[in-house]
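First the structure, in the form of structure tokens, and then the observations on it.
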Amino acid sequence: MKLNDFFAEHPKVAVAFSGGVDSAYLLYAAKQCGAQVRAYFVKSAFQPQFELEDALRLANALGVPMQLLCPDVLADERVASNPADRCYYCKRTIFTAIKAQAEADGFSVLLDGTNASDDAGDRPGMKALRELSVLSPLRLCGLTKADVRRLSREAGLFTWDKPAYACLATRIPTGEVITEEKLAATERAENCLFSIGLRDFRVRRMAGAARIQLPADQIETLLRHRQDVLAALKRDYAGVLLDLEVRE
């Protein structure tokens, strides 16, 4: 199946829009294929501000209406307690909110940006998508992450080379309670690293310390800004550690 065929069968769709590479291309493809489409962005304590800004920028560029939803994901103890299947409960909360609003707006078909490279067996959140009958056109059409990046570049989307960015909750170890304070500290720490030119990194919480993971070719940049990074991160963390098992 091609995306043109998918949207011929589904001419009116809602897109769960994160501002990332996959959902950005999906939104673009829906528009290009002539579908009536509306984007739904969920802003919770788990999403950094820059993701919202990217989403708004792209939706405006495409001329697609975007609705902002703000469910309280931490109100569910099964999310806040951070069990191994936290992602399942979080996805249920988020997509239930999107589905309800989309249906109220007259959109009965809800899409997400899962692609053919995503491993369904390793993602608890995929179970929630199946239960809520969320469709994944990129996956159904066999488009891999590499395909999506290539097609996004050809389409002129600024998201084409955007690094993958898992939600802020993934920086907190499984079993450690998630709080808004910890998530805000993570966002401040990662904003600091963005500000010195780093990308595709993580600042993970480890026994109250910040554990920085980044590609090997960015370590020199980090060390050049060592004092500034220490000053910024030690406002929220007991220590700052560099993980030498770097992100490749």
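The values are calculated or read from the model by the stated rules, or taken from the named source; none is laboratory data. What you see is a predicted model, and the numbers here were worked out from it, not measured in a lab. Because the Cβ atoms are built from the backbone with ideal geometry, glycine has one as well, and the counts that use them run over all protein chains shown.
Points to keep in mind about this one:
- Scope segment 109-152; condition modelled with pLDDT of 95 or more and acidic (Asp, Glu); matching residues: Asp112, Asp147
- When Asp161 is tested against (1) surrounded by 13 or more Cβ atoms within 10 Å (Cβ to Cβ); (2) more than 18 Å from Val15 (Cα to Cα), just one condition goes unmet, and that condition is (1).
- Among strands (runs of 3 or more DSSP E) entirely within segment 1-108, having at least 1 residues that are at pLDDT 95 or above and out of contact with any helix residue (DSSP H, G or I) (no Cβ under 8 Å at 6 or more places or on another chain) singles out 12-16, 36-42.
- Residues being exposed (fewer than 12 other Cβ atoms within 10 Å of the Cβ) and of a type outside the set (Asp, Glu) - total across segment 208-225: 3
- Residue match in segment 81-98 (condition: loosely packed, with under 14 Cβ neighbours inside 10 Å, among the charged types (D, E, K, R), farther than 25 Å from Ala146 by Cα and in contact (Cβ under 8 Å) with a residue 60 or more places away in the chain): no
- Counted residues, segment 166-186 - those being touching a Pro at 6+ places or on another chain (Cβ under 8 Å) and buried (at least 20 other Cβ atoms within 10 Å of the Cβ): 1
- When Lys127 is tested against the conditions (1) touching a residue at least 40 places away in the same chain (Cβ under 8 Å); (2) under 19 Å from the mean Cα position of the chain (by Cα), the lone failure is (1).
- Hey, Ala238 closer than 23 Å to Gln49 by Cβ, small (Gly, Ala, Ser) and either in contact (Cβ under 8 Å) with a residue 24 or more places away in the chain or touching a Ser or Thr at 6+ places or on another chain (Cβ under 9 Å) (or both) or not: no
Here's the yes/no breakdown for (1) modelled with pLDDT of 95 or more; (2) closer than 22 Å to Ser23 by Cβ:
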{"site": "Glu154", "(1), (2)": "yes, yes"}
{"site": "Arg205", "(1), (2)": "yes, no"}
{"site": "Ala209", "(1), (2)": "yes, no"}
{"site": "Gln213", "(1), (2)": "yes, no"}
{"site": "Leu222", "(1), (2)": "yes, no"}
{"site": "Glu245", "(1), (2)": "no, no"}
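- Test: residue in segment 112-128 that is closer than 13 Å to Val15 by Cα and aliphatic (A, V, I, L, M): no
- Members of segment 110-135 found to be surrounded by 18 or more Cβ atoms within 10 Å (Cβ to Cβ) and either of a type in the set (S, T, N, Q) or in contact with a strand residue (DSSP E or B) (Cβ under 9 Å, 6 or more places away or on another chain) (or both), listed by number: Leu110, Leu111, Asp112, Gly113, Thr114, Asn115, Leu129, Val134
- Test: Leu244 is of a type in the set (A, V, I, L, M, F, W, C), exposed (fewer than 11 other Cβ atoms within 10 Å of the Cβ) and over 13 Å from Arg171 (Cβ atoms): yes
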